[in-house]
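S.K.: Please find one structure pasted underneath; my questions will follow.
All of the numbers you see were taken from the coordinates with simple rules; none came from a lab. Please read all numbers here as calculations on a predicted model, not as lab measurements. Glycine also receives a Cβ, built like all others from the backbone with ideal geometry; neighbour counts cover every protein chain displayed.
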Amino acid sequence: MVDKKPSRQERTKQIREFILSNAEFYPKNLISITAQRFGISRQAVNKHLAVLKNEGAISVEGRTKAASYKLLTSLRKEFNYEISKDTGEDEVWRKDIRSLLEGIDKNVLDICQYGFTEIFNNAIDHSEGTRVTVQVERRGKIIEIQIEDNGIGIFTKIQKEFNLSSTREAVLELVKGKLTTDPERHTGEGIFFTSRIFDAFSIMSADFSFHHLFSGDDWILEGVAAIEGTIVMMQIRETAAQTTEEVFDQFIAEGEKYSFSKTHIPVFLAQFGDEQLVSRSQARRVLARAEQFKEVWLDFDNVESIGQAFADEIFRVFRNSHPDVIVIYSRANPKVLRTIQRVSTDSDQQYRLDI
C-alpha cells in the first residue's frame, strides 16, 4: 500500500509546527535543520518564518546567516504557595496547572503531570522551605514548567544527609536514582525519571546548574553563582512522541518485569575540575549504591581518559564482588576503550553498547 502524500496545506502545517517545536533548541541553525528535515530550500523556510513572525509567534534577531530565532510567549502564569502539611501536589495540579495545558496530546499531558507532581512534592517534603513558586509558560509549541522553592537546596541537603564531600558528588548520586532522604515514604525515583522524560530538564541549586537534553541524551554541569533553594525547569514540545511508559521501560533490566532495576550514570560527573579519572576511590564513587540495581550503564561521553586503577576497580574488582550486577558501558573513546580492555576479559565485549 502506497502512503498518501500530505496535501500542501498539511505539509505547510507540518513545517510550521516543526519550526515552533525546534526554535527553542536550535535558535542559530533553525533554517538548515528545517530545510534538511523537509527537503526544501532555505528560501522556502524563510517564507514560513516570515508568516510566523507576522503572526506574532516568533521573533528574529540579526540578519541572514547570523539570524537567531526566538519563540514569543503566548501564555505565562505564576502561582505562589505556602508549604504546609495540607499542601497537596495533586490538588494544585487539578486546580491551577491542568487548565493551562488544554489541547495537547495525552502523552505530553501525562509527562507534564508526572514531572510537576513529582517535583512539587519534593519541594513540600524535602526542601525545608516555606514557599513554592510555580511558573507555566507556553512559547510556540514549547511548554515550560518551572518550580522554585526557598528551602535548603537539593544538592546541599543530599550532601549533608549522606555525608558527601561536595555538592558535585551530590549531583552524581542524584543522577543514579534510588536516592532519598525519606526512604519510608519515597523511592528516590521521581527526579531520575523526570529528568529523562522531558525534552530539557534543569536543576539549579547551590553553586551548580545541571541540565539534561532528551534528544541527544546530553548531560551538562555548569558552575553558577550561589542559588538559595532549588529551581527546577522542565521543557517539552507539544509534538513530543515519547511516553512515560517508554522511558520507564528503558530502566528495567533484562529478566525483570516492572521494577526500576537499571541505572544510567554519566561518568564525567565524577570528575572535579580538570582532574582525570585515575584512582580506585573515584571508581568507588561512581559505583556507590550500584549494588541496588541489576544493571548499571556507565556512559563515558565527555571522558577523555581513565587510569588503569580506575578501570580495574570497576571492570574487575566490582564485577567479581557483585557477580549479580551487570555493568555495561557506552560512548567510550578509543583511549578509554583500550584501558577498559586492558583489565577486562574478551567476553566483556558483550557489555559494550555501540552508541
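S.K.: If Lys and Arg each add +1 and Asp and Glu each add -1, what is the summed charge of the other residues whose beta carbon sits under 12 Å from the beta carbon of R280?
M.R.: +1
S.K.: Among Q242, Q36, Q282, which one moves the most in a GNM of the chain with springs linking Cα atoms closer than 10 Å?
M.R.: Q36
S.K.: Which of the pairs K65/K141; K47/K70; K5/K106; K95/K141; K262/K335 have their Cα atoms more than 18 Å apart in this structure?
M.R.: Check vs 18 Å cut-off fails for K65/K141; K5/K106; K95/K141; K262/K335.
S.K.: What percent does the relative contact order of segment 73-244 come to when contacts are Cα pairs within less than 8 Å and at least six residues apart?
M.R.: 25 percent.
S.K.: Rounded to the nearest Å, what's the spacing between the alpha carbon centres of segment 87-124 and segment 146-173? Just the number, please.
M.R.: So the two Cα centres are separated by 24 Å.
S.K.: Here's something else I'd like to know. Taking N as the number of residues in segment 251-353, what is its Cα Rg relative to 2.2 N^0.38 Å?
M.R.: Here the Cα radius of gyration is 1.01 times the empirical estimate.
S.K.: Which whole-Hz ³J(HN,Hα) couplings does segment 129-146 yield from phi under the Karplus relation 6.51 cos²θ - 1.76 cosθ + 1.60, θ = phi - 60°, glycine and proline marked x?
M.R.: The phi angles translate into x, 10, 8, 10, 10, 10, 10, 10, 9, 10, 10, x, 9, 10, 10, 10, 10, 10 Hz.
S.K.: Rounded to the nearest Å, what's the spacing between the alpha carbon centres of segment 247-320 and segment 53-69? Just the number, please.
M.R.: So the separation of the two Cα centres works out to 43 Å.
S.K.: A further question follows. Which trypsin sites (Lys or Arg not before Pro) from segment 119-207 combine a DSSP loop assignment with at most 14 other Cβ atoms within 10 Å?
M.R.: Within segment 119-207, the qualifying trypsin sites (Lys or Arg not before Pro) (loop, at most 14 other Cβ atoms within 10 Å) are R185.
S.K.: Then there is this: Which loop-located GluC sites (Glu not before Pro) does segment 1-75 contain, where loop means any DSSP state but H, G, I, E or B and the Cβ has at most 15 other Cβ atoms within 10 Å?
M.R.: E55
S.K.: Take the chain, connect every pair of alpha-carbon atoms lying under 10 Å apart with a spring to form a Gaussian network, then pick out the residue of V296, V343, V327 with the largest mean-square fluctuation.
M.R.: In this elastic network of the chain, the residue with the biggest mean-square fluctuation among V296, V343, V327 is V343.
S.K.: Amide H neighbours of A206 under 5 Å, counting only residues 5+ apart in sequence or on other chains, H built in-plane at 1.01 Å?
M.R.: I227, G229
S.K.: Cut-off is 10 Å between beta-carbons; in what order do F310, F318, F25 appear when sorted fewest neighbours first?
M.R.: Going from sparsest to densest Cβ surroundings: F25, F318, F310.
S.K.: Per DSSP helix of 4 or more residues, -39500 (n - 2.57); summed, then divided by the residues of the chain. What does that give at 222 nm, rounded to the nearest 500?
M.R.: When only DSSP H runs of four or more count, the value is -9500 deg cm²/dmol.
S.K.: Right, next: If you split all Cα-Cα distances of segment 73-244 into 10 Å bins from zero, what percentages do you get per bin, shortest first?
M.R.: 10, 41, 37, 12, 1
S.K.: What number do you get for segment 8-71 when its Cα radius of gyration is normalised by 2.2 N^0.38 Å, N = residues?
M.R.: 0.99
S.K.: Using each residue's phi in segment 326-333, evaluate 6.51 cos²θ - 1.76 cosθ + 1.60 at θ = phi - 60° and report the 3J(HN,Hα) Karplus result to the nearest Hz, with x for Gly and Pro.
M.R.: Using θ = phi - 60°, the values come out as 8, 10, 10, 8, 8, 6, 7, 6 Hz.
S.K.: Can I ask one more? Report the residue, chosen from S195, S205, S261, that carries the largest GNM mean-square fluctuation when the chain is represented by alpha-carbon nodes joined by springs under 10 Å.
M.R.: Looking only at S195, S205, S261, the largest GNM fluctuation is found for S261.
S.K.: Let me have the relative contact order for segment 25-168, percent, based on Cα pairs under 8 Å that are six or more residues apart.
M.R.: Relative contact order of segment 25-168: 21 percent.
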